[in-house]
1. If I filter segment 103-120 down to residues being loosely packed, with under 10 Cβ neighbours inside 10 Å and within 30 Å of Glu61 (Cβ to Cβ), which single residue comes out as nearest to the chain's Cα centre (by Cα)?
2. Can you pull out every residue in segment 61-75 that is of a type in the set (Val, Ile, Thr) and either assigned to a helix (DSSP H, G or I) or closer than 17 Å to Asn9 by Cβ (or both)?
3. Which residue is farthest from the chain's Cα centre (by Cα), if the candidates are limited to segment 127-150 and must be surrounded by 10 or more Cβ atoms within 10 Å (Cβ to Cβ) and of a type in the set (S, T, N, Q)?
4. Scanning segment 61-74 for residues that are within 10 Å of the chain's Cα centre (by Cα) and of a type in the set (A, V, I, L, M, F, W, C), which turns out surrounded by the most Cβ atoms within 10 Å (Cβ to Cβ)?
5. Residue by residue through segment 42-68, note down the ones that are farther than 24 Å from Ala92 by Cβ and of a type in the set (A, V, I, L, M, F, W, C).
6. Which pairs do you get when a residue that is of a type outside the set (Ser, Thr, Tyr), found in segment 7-21, comes within reach of a residue that is part of a helix (DSSP H, G or I) and surrounded by fewer than 18 Cβ atoms within 10 Å (Cβ to Cβ), reach meaning Cβ atoms under 7 angstrom, with the pair 6+ apart or on two chains?
Amino acid sequence: MHQSALNTNASLARVIAHAIETADKPKHQIASEAGIHRETMLKVMRGERAISIDRAVRLLEVCGVSPHAVIVLTLAGEEALACEWMHREMGAFLDEFITSLPGQLDRTLGRRVDDLRPRWASGTSQLVAKLLSRHIDDLANRDIAMSLTR
């Protein structure tokens, strides 16, 4: 197996292990609900056995975390963020964002999707983060203004 595949498998194993260890269910119940033998799940957690993406998604769902965000973050080399965000609203936000973005881009850009340049991705991600920050600030300011007028 190629070294990057080994690293990815090890990283995914650690993230899955974290999800299982921090879940509100016992391991035997997680394995049962995910349709995986308990020993197989333990081997996956230790990185001794690779897991398919669909099985990983199912395991993460059973653990109550946002599977798409966790997997994408892990594959992008952001294992620490995957573990940190999996039980937070940020994980759920990112999960929905990741799953809805391709369709939105296709509908909005149409044939112009071919005009996109990879070098624009970093700047676009900064723009989205700033837009979200402003939106959160606006919501907080509205809440403060509404509480002051009461």
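Laboratory data are not the source of any read-out in this text; all were calculated from the coordinates shown. Predicted model only: the values in this text are computed from it and were never measured. Cβ coordinates were reconstructed from backbone atoms using ideal geometry, including for glycine residues, and neighbour counts include every protein chain displayed.
1. Looking at the filtered set, the residue picked out is Gly103.
2. Answer for segment 61-75, where residues must be of a type in the set (Val, Ile, Thr) and either assigned to a helix (DSSP H, G or I) or closer than 17 Å to Asn9 by Cβ (or both): Val62, Val70, Ile71, Val72, Thr74.
3. Ranking the candidates gives Asn141 first.
4. Val70
5. Kept after step one, since they are farther than 24 Å from Ala92 by Cβ, are these residues of segment 42-68: 42-43, 46-50.
Result: Leu42, Ala50.
6. Final answer for the pair search is Ile20/Lys27.
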